[in-house]
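Reviewing the structure listed below.
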Amino acid sequence: MKRYSVIFILLLGVCLSSCDKINEESPVPKYTVSFSIDYRIYAPILDTQGGYYTITKPTEYGQYLGYSGLLIFHGFDDRFYAFDLCCPYECEREIRIVPEATGRATCPECGSEYDIGFGTGRPTKGPSTKFLRRYNVTVSGSLIRVTN
């Protein structure tokens, strides 16, 4: 019985320590996000994996785009992901990451690169150690809704 307790405690410790980075809060300020788009009409590039759409200014009443604007990415696992455009290393509203169809986004100021291809927003290169701020995405037909 004692052997199982030791194994359980060790496994629990490994699990908790490996989740630290994933659960770490983004330093990007929390702002309201409420945005909907029919991508087949307004952003047909999102119909293909690797396609992305960015928006920095509301085009309709009631749109809220987070701190620096939104990035919507059609992931390589055929799911849609949304991130704030703010680089978490710079944390300045006007310094925005630049997405690529390759599944990465780069900060033009600090050079940090982030993995967006599978929706993690994980830093892969550069000085940043913080993940991109990610938002909730729901899809109904061709309508994408992004919220926080």
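Odds and ends about this structure:
- Using the Karplus relation 6.51 cos²θ - 1.76 cosθ + 1.60 with θ = phi - 60°, the per-residue 3J(HN,Hα) values for the stretch 69-74 come to x, 10, 10, 10, 10, 8 Hz, with x marking Gly and Pro.
- Within straight-line reach of K30, meaning a Cα separation under 12 Å, sit the following aspartates and glutamates at least 8 residues removed in sequence or on another chain: D84.
- Packing-based ranking, highest mean first, of 68-75, 36-43, 97-104 given that Cβ atoms within 10 Å are counted: 68-75, 97-104, 36-43
- Computed accessible area, F76, all protein chains, 1.4 angstrom probe, square angstrom: 80
- Across the protein chains, with a 1.4 Å probe defining accessible surface, the residues I144, I45 rank I45, I144 from largest area downward.
- Average silhouette area of the stretch 20-144, convex hull of alpha-carbon atoms, in square nanometres: 7.2
- Once the Cβ-Cβ distance of D38 and A101 is raised to the sixth power relative to R0 = 22 Å, the FRET efficiency obtained is 0.55.
- Accessible carbon and sulfur surface of the stretch 58-148 relative to its total accessible area, %, 1.4 Å: 47
- The residues of the stretch 42-124 present an accessible area of 48 Å² per residue when probed at 1.4 Å with all protein chains retained.
- Rolling a 1.4 Å probe across all protein chains gives E60 an accessible area of roughly 120 Å².
The values are calculated or read from the model by the stated rules, or taken from the named source; none is laboratory data. Small disclaimer: the values here were computed from a predicted structure and weren't measured. Using ideal geometry, Cβ is built from the backbone for each residue, glycine included, and neighbour counts are taken over all protein chains shown. Heads up: the accessible areas ignore ligands, DNA and RNA and are worked out on the full protein's heavy atoms, side chains in. Shrake-Rupley method; radii C 1.70, N 1.55, O 1.52, S 1.80 Å.
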